[in-house]
Structure formats: C-alpha cells, structure tokens
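Read the structure below first, then the notes.
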Amino acid sequence: MNEEAVTPREAIPALTPRGAGGHQFVLYADACSGVPGVPHEATFAAVNAVVARLRPQPKFICFPGDEIQGLTADDAALRAQWRHWLDREMAWLDRAAIPLYHTTGNHTTYDAASEAVFREMLGHLPRNGPPGQEGLSYWVRRGDLLLVFVNTLWSGHGGEGRVETDWLDRTLAAHADARHKLVLGHHPVFPVNGFSGAYQREIGPTDGRAFWRVLVNHGVLAYLCSHMLAFDVQIHEGTCKS
Ligand SMILES: [Fe+2]
C-alpha cells in the first residue's frame, strides 16, 4: 500500500481517534481464501481494495482467524495456501510498516500439525504466550494499548471452543497500567444473532464463564472476535464483545 497508489478522489476517510493519543486500526477476518481462482479470493480482494483506500492508513491490522480455507491433512497444500495468502493476496500491504496480527482459527489450526504450520508461516508473531501455545497465543503492547490474542481451540486444551485463562489473567495483571486493553480471539463467547452452539459456534460454557470473569475483573474494554459471519456488538457486565 503506498500513498501514490490512491488518488484523493479514491481515498476513503478513516475513522480516527478523538483528541491526542488513541489508536487507529482495522479489524477484519474470515477470508477463508488462499486458493487461487475461487470465489473467496475475489471477495477478499474486493474487501482489501477498500481497506487499501483508507486515509490515514491504519497503524496496524488485526485479523482474528480463518485467513485461508485450510482444513486439510496435506501439510504441503496448507503451506501453499498460506503462501498464496501472504505473498499474493496480502501483497498490497506493507507489513513492515503496518503490522498484521493474527489469531488462530478453525480453518487454520485444527490439529497439532496445522498448529505447527501456523507457527511456521506466521513467524513474526511474538512467542510470549502460555506454555505450549507460543506463537498461537501472545500479547502486544503499543504504548498505552494492550492487545492480547487468545487461542480458542488449542489441541492441547481439548480443541475447539476452549480457552485458557491463567496466563490471560497474569498477562492482564502485568499490564494493569495499560489504559486500553483489548482481547482478541476467533470464537465468540456469547451466541451471535441467534447462531448458538457450544464449542463449535461459541466457546464452551465453563471456559466461557471463566474467560469473561477475567476480562471483567481486569477492566478489558472489549473482546473482539470473528467466526460467525455477522456483525454484532454486545455488552455483558460492562465489557463489550463484538
Ligand atoms: Fe471460524
């Protein structure tokens, strides 16, 4: 993405923070692409074309999961999808200037082998997560903003619809001074627009309750997730989920 590529007429004014400070970023996910020539590739390209026109450009982009179609036992095919997604579909983005933060998702990390490919393909992600989940779960501090990316389907924790909370609790406590705290994951905690189903559509009830308790206790502003292809904003106990 370079400034010359977009004329003033083509530029889309971005929502920007009010006053000094603040953080401007874009969040989108669930492209399920990575395969040349299929409809998802064209849809994703259309969305990217809009993001590329935002002015000012975002400081960073969060992509909470399901970048590619995935869900294959063929590791070489999975790597090829990631390479196509990173090298072709996201080639428009200068990722050195605008970091791209990912979360795991059901299309990308569905067993130990696909978790290994995720770590390999997204080697730029911090390795500061809980034991066993390095590169799958992590935190990023950007000034007064804390971003925590959780893994809602670790194979070592029972798979889809589970999330660990001990490391999350410690991480949020260690960054109690952060003015803004956001937690991001792939699966919703509460049903979205009537789409309900523990573990596959939202995090299971036991982990979900413990997870939300931690977010509320630490004053997290919002949990940002994806997975269900619907826009929704909810407020539970003062913490926002969207
Ligand atoms: Fe998903």
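See the values below:
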quantity: Alpha-carbon gyration tensor eigenvalues x 5, square-rooted, for region 128-242, Å; calculated: 21, 17, 12
quantity: Computed over region 25-166, Kirkwood Rh from alpha-carbon pairs, angstrom; calculated: 15.6
quantity: Beta bridges per DSSP with both ends in the chain, % antiparallel, nearest 5; calculated: 30
quantity: Rel. contact order, % - alpha carbon contacts under 8 angstrom, at least six apart, region 128-242; calculated: 23
quantity: Ala97-Arg141 pseudo-label distance in nm [points 7 Å out on the Cα-to-Cβ vector]; calculated: 2.8
quantity: Rounded to 5, percent antiparallel among DSSP beta bridges of region 140-242; calculated: 40
quantity: Of every Cα-Cα pair in the chain, the percent that sits beyond 21 Å; calculated: 57
quantity: Cβ crowding within 10 Å averaged over residues, with 16-28, 129-141 ranked highest first; calculated: 129-141, 16-28
quantity: Computed [θ] at 222 nm, deg cm²/dmol, the chain (DSSP H ≥ 4; -39,500 (n - 2.57); rounded to nearest 500); calculated: -7000 deg cm²/dmol
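We did not get these values from a lab; they are worked out from the coordinates using the rules stated. The structure presented is a predicted model; accordingly, all values stated were derived computationally and were not measured. Cβ sites come from the backbone with ideal geometry, for glycine too, and all protein chains shown count toward neighbours.
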